[in-house]
Amino acid sequence: MDLDHIFHSSFYHYNFFFFLQSLQLILLLLLFGTAHKGETSPAQHDPAQPSTINLIVLADTATRSVAILSPLLLLLLHLLHIPLANLDSLLRSTSPEFTLCGTGSGGGGGGGNGRFVGGALRPAQAGPNVIESEEHVLKMAKHIKGITTKLGLPLVFKSSFDKANRTSSKSFRGPGLEEGLKILEKVKATYDLPVVTDVHESHQCEAVGRVADIIQIPAFLCRQTDLLVAAAKTGKIINIKKGQFCAPSVMVNSAEKIRLAGNQNVMVCERGTMFGYNDLIVDPRNFEWLREANCPVVADVTHALQQPAGKKLDGGGVASGGLRELIPCIARTSVAVGVDGIFMEPLRNLEELLEELIAIARVTKGKKPLKIDLTPFKE
């Protein structure tokens, strides 16, 4: 039996023990309340016999009750076909979740296999920033799926048909809506992968919704109500990138716009915050604060390291640069904090990085919540 199996087995049994302890506490409180109701009024008390409740007897009674109920609970789990290993998700999963409907039955990195749920590293959204050509995109999809399948990590392939917010008008924007969607359809059909792509205008949403499994709202447009509503009405999963100029609390409103349009399948994405001119910084606190949107949280570990308009071009003008060497650092941080998924562009060492992130997720998922006494700070 390997160490990983021992760790997970111990972890699941710990959660079951914790569940029984909680049940014991509930019974204890119920018995305490019953005993309290059964007390005589203060006027009837004998001054020589102070009013007390024998907590030891109550605790013993609760323990005996749990001892009787424990086998019954295990029998119930067996009859419901719920393995003990799944008890963890039943006890700890509190974030909304939804299933990615891919083009086929899915597999290690296939289409229908991806679930976004709070607290676990789930589908990786990865692919080239923009569709350069059909040949290039198919080659990238094959390469990335090979890596994620090997690691058992579901993949959502990402690429853009149009980069409408390029810093420079000289930069390549993509093949456009019609041609780009045809190429993404071919990716889905060839490699059985769900795909994500972004929209910039409301009229694009209907066509994109017929192809994409996830529709992405760019960071600069995260507050655009008409665009959010149009995307929501497609019924597809909506990934809203937090604007570089926004506090994480703004995403609460953006996610709510999706829900009010009748679509509950929404997630929000951290992609950095402006840190003066031409620079972004990743605030790890945002990974926790974005939970206020009551939906899965994704970390974009590549665009979060952009340096907007930070690169001067020959002949004048500027373009965006970036700090790609810091991608592993930000990726490790976000996964250790507990994001529900990662978004990245391909790297040369993609397999090694994803393998490390999965290992980090396994460890941090097993950590017990840490309660900190803030009393000294309140004085």
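The values are calculated or read from the model by the stated rules, or taken from the named source; none is laboratory data. Note that the structure is predicted; figures quoted are calculated from it, not measured. Backbone-built Cβ (ideal geometry, glycine too); neighbour counts: all protein chains shown.
Brief remarks follow.
- For residue 231, the criteria (1) of a type outside the set (Ser, Thr, Tyr); (2) within 14 Å of the chain's Cα centre (by Cα); (3) surrounded by 22 or more Cβ atoms within 10 Å (Cβ to Cβ) hold in every case but one, which is (2).
- Of all residues in segment 322-379, those satisfying the criterion of being out of contact with any strand residue (DSSP E or B) (no Cβ under 6 Å at 6 or more places or on another chain), among the β-branched types (Val, Ile, Thr) and at pLDDT 85 or above are 330, 333, 335, 337.
- Hey, residue 242 buried (at least 22 other Cβ atoms within 10 Å of the Cβ) and not small (Gly, Ala, Ser) or not: yes
- The residue that is farthest from the chain's Cα centre (by Cα), counting only those in segment 302-317 that are at pLDDT 75 or above and more than 13 Å from residue 242 (Cα to Cα), is 306.
- Qualifying residue in segment 193-204 (condition: closer than 16 Å to residue 257 by Cα, within 22 Å of the chain's Cα centre (by Cα) and outside any loop (DSSP other than H, G, I, E, B)): no
- Some residue of segment 167-186 being in a loop (DSSP other than H, G, I, E, B) and modelled with pLDDT of 90 or more: no
- Residue within segment 202-216 that is surrounded by fewer than 19 Cβ atoms within 10 Å (Cβ to Cβ), closer than 21 Å to residue 155 by Cβ and of a type in the set (Val, Ile, Thr) present: no
- Failed criterion for residue 158 (all others in (1) surrounded by 24 or more Cβ atoms within 10 Å (Cβ to Cβ); (2) modelled with pLDDT of 95 or more; (3) of a type outside the set (S, T, N, Q) hold): (2)
- At least 2 residues being closer than 30 Å to residue 210 by Cα and outside the structural domain of residue 336 (by TED's automatic domain parsing) is the threshold, and among the strands (runs of 3 or more DSSP E) wholly inside segment 226-306 not one reaches it.
- Qualifying position, being without any contact (Cβ under 8 Å) to a residue 60 or more places away in the chain, under 17 Å from residue 303 (Cβ atoms), surrounded by fewer than 20 Cβ atoms within 10 Å (Cβ to Cβ) and touching a helix residue (DSSP H, G or I) at 6+ places or on another chain (Cβ under 9 Å), among 165, 129: 165
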